[in-house]
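Undergrad: Take this structure, written in structure tokens, and hold onto it; I'll ask about it next.
The values are calculated or read from the model by the stated rules, or taken from the named source; none is laboratory data. All values reported here derive from a predicted model rather than from experimental measurement. Here Cβ is always computed from backbone atoms with ideal geometry, including for glycine, and neighbour counts include all displayed protein chains.
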Amino acid sequence: MSYLPIIDFLVFSFKPQGASDEIDNLSMSELLEYCLSLLEQFGFKARLVKRPSGMYNYQESYIVERKTLGNRFDVAGIIGITRAKKSDFTQYNAGLFISLSAVGCQHVDFSAILERLEIYQPKINRIDLAVDYLDGKVGFDDMMQLYNRGAFAGARGVYPRFNTIEPKALDGEKAGGYTLYVGRRSAARFVRCYEKAYQLADCEVDNPFGHWFRVEVEARAVKCTIPLEAVNAPDAFLTGLYPHLFNGVTLPPPSHVNPQNLSQVIKLGYDSPQFVVSLSHLKKHAKASYGGLFNVLRNDLGVSDAEIVSSLVSPERVPRRLSLPIEGFV
């Protein structure tokens, strides 16, 4: 049974062997160009903005920008690179480091990219997988009960540490959402479970999924190796990390996963929740603020729909909440 997890954050790197800066006869500069070409072929065309200094102990660093709706560019990740030989710059990390945030991970075929990069022995440094429950099937209380039943316990039965954030009461009403953290951020595995609907409410975003709850698993290559198969088979990877949790029984799969087709699991009837939330919010407030104006223009003054749209559209502006990767809508 699949949980249909989405890759919400991915970091991978390459490290040359010996004193050379080459991997399989490619320099770091050439390898970076190849990575960017694969990203364009199987995801999006990245625009790099050079930073004034290095980052994460790499000689140079770049901000990765991605084109979003409205011809905007949003930050999608960070690249670190050391082009010189290790023997010349021993104070730097050798090789290439690519980090992609949630914006950089949307609509990207990482399976195809890493398959072509496998010859250069990439290492996955971190991968975040998110499982969304949009209808209240799973919530904070459920996850606490699972923790107390040992669903997060390790191979030797040891319960990892946990921490909770509970909402405050404001005039007798719940203000904010519940969050459960299991494990340590610096460890090989860490879990965040939170009421995403309240996170959006805190940002004053109308949300058609009022019971939206998210379970995020963050895996780091700390004293272990994250296999490349984590990208190709994320369900199996989740089960390997938490065998007592992601087994299809203890934690039920989301209800928007089709249980009848296990070979090609699909989402049923949902657009991107982020896009639905943003569009719903903006349409509601546009109607409340300007619906009366549109009514007068159309029904009292006889202005055509095309003329109303033409006179009010701002061609170069896009609401911040709709700054989503353009690849998802073309």
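Undergrad: Taking Ser61 as the residue in question, decide whether it is touching a Lys or Arg at 6+ places or on another chain (Cβ under 7 Å) and either modelled with pLDDT under 90 or over 18 Å from Pro122 (Cα atoms) (or both).
TA: When the stated conditions are applied, Ser61 passes them.
Undergrad: Here's a follow-up. State all residues of the range 221-240 that are in contact with a strand residue (DSSP E or B) (Cβ under 7 Å, 6 or more places away or on another chain) and surrounded by fewer than 20 Cβ atoms within 10 Å (Cβ to Cβ); if no residue qualifies, say none.
TA: Once the filter is applied, which keeps residues that are in contact with a strand residue (DSSP E or B) (Cβ under 7 Å, 6 or more places away or on another chain) and surrounded by fewer than 20 Cβ atoms within 10 Å (Cβ to Cβ), the range 221-240 yields Ala221, Leu228.
Undergrad: State which residue pairs qualify: first residue free of Cβ contacts under 8 Å to residues at least 24 places away in the same chain and inside the range 126-147, second residue outside any strand (DSSP E or B) and among the aromatic types (Phe, Trp, Tyr) in any location, beta carbons under 7 Å apart, and separation of 6 or more residues or different chains.
TA: Filtered contacts from the range 126-147: no entries.
Undergrad: Among the residues of the range 202-252, write down those that are of a type in the set (A, V, I, L, M) and at pLDDT below 90. Quick ask: steps written out before the conclusion?
TA: The initial filter retains those residues of the range 202-252 that are of a type in the set (A, V, I, L, M), namely 205, 215, 217, 219, 221-222, 226, 228, 230-231, 233, 236, 238, 241, 245, 249, 251.
Listed by number, the residues that qualify are Val205, Val249.
Undergrad: So Phe97 passes all but one of these: (1) under 25 Å from the mean Cα position of the chain (by Cα); (2) aromatic (Phe, Trp, Tyr); (3) over 30 Å from Ser29 (Cβ atoms). Which condition number does it fail?
TA: It is condition (3) that Phe97 fails.
Undergrad: Looking at the range 107-126 only, could you name the residues that are out of contact with any Gly (no Cβ under 6 Å at 6 or more places or on another chain) and part of a loop (DSSP other than H, G, I, E, B)?
TA: Taking the range 107-126 as the starting set, the residues that turn out to be out of contact with any Gly (no Cβ under 6 Å at 6 or more places or on another chain) are 109-126.
Across the range 107-126, the qualifying residues are Asp109, Gln121, Pro122.
Undergrad: Starting from the range 284-297, take each residue that is in the same structural domain as Val309 (by TED's automatic domain parsing) and more than 13 Å from Val309 (Cα to Cα) and list its partners that are surrounded by 10 or more Cβ atoms within 10 Å (Cβ to Cβ) and at pLDDT below 75, counting only C-beta distances under 9 angstrom and pairs at least six apart or across chains.
TA: Every condition considered, the pairs that remain are Lys284/Asp206; His285/Asp206.
Undergrad: When only residues in the range 64-87 that are within 14 Å of Glu22 (Cα to Cα) and in a loop (DSSP other than H, G, I, E, B) count, which is modelled with the highest pLDDT? Step through it out loud before you land on a result.
TA: Taking the range 64-87 first, the residues within 14 Å of Glu22 (Cα to Cα) are 81-87.
Those left that are additionally in a loop (DSSP other than H, G, I, E, B): 83-87.
Values: Arg83: 82, Ala84: 70, Lys85: 63, Lys86: 54, Ser87: 49.
For the range 64-87, the residue satisfying everything is Arg83.
Undergrad: Say we look at the range 264-290 and pick out the residues that are surrounded by fewer than 10 Cβ atoms within 10 Å (Cβ to Cβ) and at pLDDT 60 or above; which of these is farthest from Asp132 (Cα to Cα)?
TA: Among them, the one singled out is Ser289.
Undergrad: Filter the range 7-36 for residues that are under 16 Å from Pro122 (Cα atoms) and of a type in the set (S, T, N, Q); which is surrounded by the most Cβ atoms within 10 Å (Cβ to Cβ)?
TA: If we take residues in the range 7-36 being under 16 Å from Pro122 (Cα atoms) and of a type in the set (S, T, N, Q), then Ser13 is surrounded by the most Cβ atoms within 10 Å (Cβ to Cβ).
Undergrad: Of the residues Gln41, Gln91, only one is more than 15 Å from the chain's Cα centre (by Cα), assigned to a loop (DSSP other than H, G, I, E, B) and surrounded by fewer than 20 Cβ atoms within 10 Å (Cβ to Cβ); which?
TA: Details: Gln41 fails: assigned to a loop (DSSP other than H, G, I, E, B).
After ruling out the rest, the residue left standing is Gln91.
Undergrad: Any residue at all in the range 49-66 that's within 27 Å of Asn232 (Cβ to Cβ) and touching a residue at least 60 places away in the same chain (Cβ under 8 Å)? I'd like the intermediate steps shown before the answer.
TA: At the first step, the residues of the range 49-66 found to be within 27 Å of Asn232 (Cβ to Cβ) are 56, 64, 66.
Checking the rest, the ones that are also touching a residue at least 60 places away in the same chain (Cβ under 8 Å) come to 66.
Within the range 49-66, one or more residues are within 27 Å of Asn232 (Cβ to Cβ) and touching a residue at least 60 places away in the same chain (Cβ under 8 Å).
Undergrad: Another question, if that's okay. Could you tell me which of the residues Ala197, Ala153 is assigned by TED's automatic domain parsing to the domain that holds Leu245, assigned to a loop (DSSP other than H, G, I, E, B) and surrounded by 15 or more Cβ atoms within 10 Å (Cβ to Cβ)?
TA: Numbers: Ala197 fails: assigned to a loop (DSSP other than H, G, I, E, B).
Only one candidate passes the filter, namely Ala153.
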